[in-house]
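Here's the structure we're looking at; comments come further down.
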Amino acid sequence: MRNYLIPVFLILFSISQPRTAFSQLLTNDQLPGLKIEKEGHYDGTSLYGYIDGGSTLYFEYGFERLVVQEVTFQNEKLTIEYYRMKSSVGAFGIYSINTFQCQAADQFGMTDCENQYQIQLFTGHHYLSVVNATGTPAAQNASALLTRKLKEILPAEEGLILPAQFGPSTNQLTGKLKFIRGELGLQNGLPDWSGYFEGVKNFNLWFWQTQTDGKDFRQAHITFDSPGDLDNFLHNTSLIASGDGWTSKEGQADKWVVKKIGENTILVVVR
Amino acid sequence: MSGKNENHPSGRRNFFKLLTAGGAGFVLSPIVASAPVEAAEKMPQAKPATNIQDALKFPRNANSMPGLFPGAVTRVNHSGCIQDKAIQQKAVDQMLTAAMLNLTGKKSVKKAWRKFVSPDDIIGLKVNPVAGKLLTTSHELVKAVIAQLETAGIPRKNIVIWDRREMELHETGFLPENYPGITISGTEQKDAKGSFFDTNGKLYGEGMIDKEWFYWADVEGSYDEYTMPYMVNGGKHSYYTKICTKQVTKIINLPILKNAGGSVTLCLKNLSYGAISNTGRLHEKLWHDSVAEICAFPPIRDKVVLNIVDGLIGCYNGGPAANPQFICQYNLLLAGTDPVAVDRIGLNIVSQKRIEMKLQKEEAPAASLFLKRAEELGLGIGDNSRINLKTIDLA
């Protein structure tokens with residue numbers, strides 16, 4: 001079955017604010033009392049210089065550029081990390097595995113996650129993190145104001161592309177949808193599935209998890225690079241052929257139903 | 001913080017062109033359409049060759065890993081070690097004392113430390129500031145160690161706080177004014193003007209590596225001009241820092257209780273990737289092997305006499321970077337001479353936390369591969385059933 005280009009959502013936001021030269025991120029004159037204390041720019045492998053081994057995860061998702069600013073705003077010390085990725089799926093992928101148990105989510109008119117010490121945000125090719133040092137209400141408020149300003153100046157770009165025949169019917173993605181494309185992404189975002197991908201060289205995995213009647217409902221859309229990779233996955237999951245797809249063996253706790261929907265693409269439902 | 005400060009052409013690829021109602025190609029909505037995604041990048045392939053056989057040719061000595069107490073780990077818990085988000089120095093002092101006395105079986109702090117070091121030693125404290133201020137080896141633990149070393153008769157001038165990047169040490173507060181009389185040193189260095197290069201255009205880091213000691217692996221490091229100062233050299237050789245090969249005679253390892261994906265970055269990782277140049281090339285294909293193998297060379301294997309894991313504050317996901325939502329208070333220290341056994345216990349703790357937080361249902365299948373490799377190399381004991389873990393609860 002072919003993959004189609006099917007619009008899922010087409011929600012456009014008008015862009016009224018003037019854009020800044022974006023390599024600067026924030027400047028002192030953009031908010032009253034804002035002071036940029038330090039700034040660093042990293043692209044290519046120079047990300048090693050900033051987060052050393054942690055950078056390999058970003059490379060896996062297609063890292064393009066990082067701007068880091070340490071600022072003082074409303075007497076709070078905040079650290080902004082702006083990652084520009086090569087694709088919107090790469091940006092969303094990083095966001096999806098870096099967010100966890102958000103106190104508030106999707107509050108800024110885009111996909112975002114707010115916790116006591118951090119606000120994270122995804123849009124277009126952008127992944128953004130604002131960290132405050134103290135976690136106090138005042139620091140959280142300063143972070144929120146700063147994030148709103150950053151949202152205004154982020155250049156608008158194409159949105160996230162979901163595969164055909166898969167996907168949530170909502171824009172509330174945070175904490176529910178993950179995109180994984182490599183070993184490190186699996187380790188960080190879906191470690192319990194790592195074993196299923198042993199011997200699988202290349203893949204794109206969309207993972208959607210919700211609860212229905214108090215029970216987990218998981219759906220995955222996986223595109224493999226080759227028939228051999230698909231075979232390895234099926235072998236690792238111990239699924240058995242059933243009709244036009246595969247299913248889990250009798251007696252297993254999780255009930256898997258897998259259908260082949262493209263040459264090397266499968267749709268997985270786990271209940 | 002460093003790097004280049006110039007405009008960056010985006011260089012991004014357009015995979016497709018969107019058709020929208022208004023004809024605009026760019027939107028702020030998170031989802032707009034469905035389409036195939038970009039091809040995935042390569043997964044790790046076959047394991048490259050290394051020069052690990054060279055390491056095994058060097059005879060061991062009395063200090064060689066796993067040290068005086070193979071398989072022994074002491075865990076000290078203190079529920080009051082952090083109050084109002086501040087680490088309590090007095091509590092840390094008590095925890096360290098309890099750990100040292102329990103591990104060594106000695107009755108005094110002085111005698112406990114003198115099992116490992118003498119006043120003639122130059123002692124390197126290997127800290128971990130790589131994640132920045134949010135998640136560095138705590139100053140309270142470092143100060144407790146220094147105070148007890150002084151009690152054991154070690155002069156401050158014989159103590160070196162070190163890591164790979166001197167600038168990260170400074171950014172996280174390991175500064176001369178905070179540690180008077182103690183040397184603070186890193187392999188990768190900048191001068192007062194913020195330059196990595198001396199007046200002859202040579203990297204300061206080049207002067208800090210010892211080309212007589214290297215870890216060779218059949219993986220090529222190739223870096224741009226902005227990355228090279230952080231790697232010191234490219235190619236297939238990673239050179240040991242002179243801090244390990246020449247400057248210090250003993251090393252006390254002070255990592256943080258952190259995850260690295262489903263695994264951990266504790267004793268062995270803190271030592272291995274902290275002690276050599278050109279590490280970037282090793283992550284993808286050789287992480288587990290290199291973490292163990294680098295520690296099997298004499299500059300590390302024969303000098304690390306003690307490991308004390310800072311588990312006061314740590315993280316269970318997002319590591320080795322500091323992602324605030326995953327930072328937690330473990331309220332503990334781990335101590336042992338056997339880095340493999342200590343790492344095994346640390347992995348148990350982090351894995352349990354990840355399970356509690358519903359990040360995973362069981363320990364990740366590949367999480368302990370580096371322990372297996374380290375055990376093969378005789379660096380310690382990685383099997384839970386053979387580890388003698390003693391736990392002390394102070395509060």
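The values are calculated or read from the model by the stated rules, or taken from the named source; none is laboratory data. Predicted, not measured: the structure shown is a model, and the values here were computed from it. Positions of Cβ are generated from backbone atoms using ideal geometry, with glycine treated the same way; all protein chains shown enter the neighbour counts. Quick note on the areas: whole protein, heavy atoms, side chains included, nothing else; ligands and nucleic acids left out. Shrake-Rupley method; radii C 1.70, N 1.55, O 1.52, S 1.80 Å.
Accessible area per residue for segment B:34-393 in Å², computed with a 1.4 Å probe and the full protein assembly in place, what is it?
Heavy-atom accessible area per residue stands at 37 Å².
Can you tell me what percent of all Cα-Cα pairs in segment B:245-350 are more than 25 Å apart? Don't skip to the answer; put the middle values down first.
On the way: 1006 of 5565 pairs.
The proportion of pairs with Cα distances above 25 Å equals 18 percent.
Can you pull the Kirkwood radius for segment A:164-270, inverse mean 1/r over Cα pairs, to one decimal in Å?
On the way: mean 1/r = 0.0700 Å⁻¹.
Roughly 14.3 Å, rounded to one decimal.
Using just the alpha carbons, could you tell me how many Å³ per residue the convex hull of segment A:96-164 encloses?
On the way: hull volume 6.4 nm³, N = 69.
Given the Cα convex hull of segment A:96-164, per-residue volume reads 93 Å³.
Quick check: with the 1.4 Å probe, what order do A:T247, A:T147 take by accessible area, largest first? Mind showing how you got there, number by number?
Details: A:T247 20, A:T147 0 Å².
Output order, biggest surface exposure first: A:T247, A:T147.
Here are some pairs, B:K133/B:K202; B:K353/B:K390; A:K77/B:K193; B:K90/B:K269; which of them have Cα atoms lying more than 26 Å apart in this structure?
Working: B:K133/B:K202 30 Å; B:K353/B:K390 20 Å; A:K77/B:K193 24 Å; B:K90/B:K269 29 Å.
Check vs 26 Å cut-off fails for B:K133/B:K202; B:K90/B:K269.
Treating only the Cα positions of chain B as identical point scatterers, give the base-10 log of I(q)/I(0) from the Debye formula at each q in 0.06, 0.07, 0.14 Å⁻¹.
The Cα Debye sum returns log10 ratios of -0.25, -0.34, -1.26.
How tilted is helix B:139-151 with respect to the longest principal axis of chain B? Cα atoms for both, answer in degrees (0 to 90, nearest 10).
20 degrees
Under 1.5 on a/c is rounded, so check that first for segment B:227-300, then, if it is not, pick prolate when a/b is larger than b/c and oblate when it is not; a ≥ b ≥ c are the square roots of the alpha carbon gyration tensor eigenvalues. Please report the intermediate quantities before stating the final value.
Numbers: a/c = 1.70, a/b = 1.05, b/c = 1.62.
Oblate shape, in that a/c is at least 1.5 and b/c is the bigger or equal ratio.
On C-alpha positions alone, give me the angle between the axis of helix A:88-98 and the longest principal axis of chain A, in degrees, nearest 10.
90 degrees
Label-point separation (nm) for A:T134 and A:S242, each offset 7 Å from Cα along Cα-to-Cβ?
Spacing of the two 7 Å Cα→Cβ label points: 5.7 nm.
Mind listing, in residue-number order, the residues in segment A:211-233 that have at least 40 Å² less accessible area with every protein chain present than in their own chain alone (1.4 Å probe)?
By number: none to list.
Report in % the part of the accessible area of the protein assembly as shown that belongs to carbon and sulfur, leaving out ligands and nucleic acids; probe 1.4 Å.
Details: 12920 of 25820 Å².
Carbon and sulfur: 50 percent of the exposed surface of the protein assembly as shown.
Taking each pair of different alpha-carbon atoms in segment B:145-253 once, compute 1/r for the pair, average those values, and report the inverse of that mean as the Kirkwood hydrodynamic radius in Å to one decimal.
Values: mean 1/r = 0.0651 Å⁻¹.
The answer is 15.4 Å.
Ignoring ligands, DNA and RNA and using a 1.4 Å probe, state the total buried accessible area between A and B in Å², rounded to the nearest 100.
Working: alone 13910 and 18780 Å², together 25820 Å².
Approximately 6900 Å², summed over both chains.
Please report the accessible area of B:E375 (heavy atoms, 1.4 Å probe, ligands and nucleic acids excluded) in Å², nearest 10.
Counting only protein heavy atoms, B:E375 exposes about 60 Å² to solvent.
Which entries of B:K111/B:K143; A:K201/B:K126; B:K258/B:K285; B:K115/B:K157; A:K255/B:K361; B:K126/B:K246 show an alpha-carbon separation above 25 angstrom in the structure shown?
Checking Cα-Cα distances, A:K201/B:K126 exceed 25 Å.
Using protein chains only and a probe of 1.4 angstrom, how many square angstrom of A:L31 are accessible, to the nearest 10?
30 Å²
Compute log10 of I(q)/I(0) for segment A:138-216 with the Debye formula, placing one identical point scatterer on every Cα and leaving out solvent, at q = 0.16 Å⁻¹, to two decimals.
-0.88
Given a 1.4 Å probe and heavy atoms of the protein chains only, how would you sort A:W206, B:W287, largest accessible area at the top? Provide the component values of the computation, followed by the final result.
Working: A:W206 5, B:W287 45 Å².
Largest to smallest exposure gives the sequence B:W287, A:W206.
Loop only per DSSP, at most 12 neighbouring Cβ atoms within 10 Å: give me the trypsin sites (Lys or Arg not before Pro) in segment B:185-280, ordered by residue number. Don't skip to the answer; put the middle values down first.
Details: sites: B:K190, B:K193, B:K202, B:K211, B:K236, B:K242, B:K246, B:K250, B:K258, B:K269; in loops: B:K190, B:K193, B:K202, B:K258.
Counting only loop positions with at most 12 other Cβ atoms within 10 Å, the trypsin sites (Lys or Arg not before Pro) in segment B:185-280 are B:K193, B:K202.
What's the percent breakdown of Cα-Cα distances in segment B:102-144 across 10 Å bins, shortest bin first?
P(r) for segment B:102-144, in whole percents per bin: 23, 37, 30, 10.
Spit out the partnerless Cys residues in the protein assembly as shown, using Cβ distances under 4.7 Å as the pairing rule.
Unpaired cysteines in the protein assembly as shown: B:C81, B:C244, B:C267, B:C295, B:C315, B:C328.
Per DSSP H run of at least 4 residues, take -39500 (n - 2.57); add these up for the protein assembly as shown, divide by its residues and hand me the 222 nm value, nearest 500 deg cm²/dmol.
Details: 17 runs with 156 residues, N = 666.
The helix contribution divided over the protein assembly as shown gives -6500 deg cm²/dmol.
Can you tell me the relative contact order of chain A? Whole percent, Cα pairs under 8 Å, sequence separation 6 or more.
Values: 511 pairs, mean separation 40.1, N = 271.
Normalised by residue count, the contact order of chain A is 15 percent.
I'd like the antiparallel share, as a percent to the nearest 5, of DSSP beta bridges with both residues in chain B. Can you show the working numbers first?
On the way: 25 of 48 bridges.
Looking only at bridges with both residues in chain B, the antiparallel portion is about 50 percent.
Going Cα to Cα from B:K250, which aspartates and glutamates come in below 13 Å? Please leave out same-chain ones fewer than 8 positions away.
Of all the aspartates and glutamates, those that pass the test against B:K250 - Cα under 13 Å, at least 8 places apart if same chain - are B:D120, B:D121, B:D302.
With θ set to phi - 60° and the Karplus curve 6.51 cos²θ - 1.76 cosθ + 1.60, what are the ³J(HN,Hα) couplings of segment A:126-138 in order, to the nearest whole Hz, using x for Gly and Pro?
Each residue of segment A:126-138 in turn: 9, 10, 10, 10, 10, 10, 10, 7, 10, x, 6, x, 5 Hz.
Show me, for segment B:81-86, the HN-Hα J-couplings you get by feeding each phi into the Karplus relation (A = 6.51, B = -1.76, C = 1.60, θ = phi - 60°), rounded to Hz, glycine and proline as x.
Using θ = phi - 60°, the values come out as 6, 10, 10, 6, 6, 10 Hz.
When we measure straight from the Cα of A:K215, which aspartates and glutamates land under 12 angstrom away, once same-chain ones fewer than 8 places off are left out?
Answer for A:K215, where 12 Å is the Cα cut-off: A:D254, listed by chain and number.
Using every pair of alpha-carbon atoms in the protein assembly as shown, split the distances into 20 Å bins beginning at 0 and state the percent of pairs per bin, rounded to integers.
Per 20 Å bin, starting at zero, the Cα-Cα P(r) for the protein assembly as shown comes out as 18, 51, 28, 3 percent.
Kindly write out, for segment B:322-330 in residue order, the coupling ³J(HN,Hα) from the Karplus curve 6.51 cos²θ - 1.76 cosθ + 1.60 (θ = phi - 60°), rounded to whole Hz, with x marking Gly and Pro.
Residue by residue, segment B:322-330 yields 9, 9, x, 5, 9, 7, 9, 9, 7 Hz.
As a test of the definition: which semi-axes, in Å, follow for chain A when you take the square root of five times each eigenvalue of its alpha carbon gyration tensor? Largest first, please.
Equivalent ellipsoid semi-axes, largest first: 37, 19, 18 Å.
Collect residues whose amide H, placed 1.01 Å from N in the peptide plane, falls under 5 Å from the amide H of B:I256; neighbours closer than 5 in sequence don't count.
B:D310
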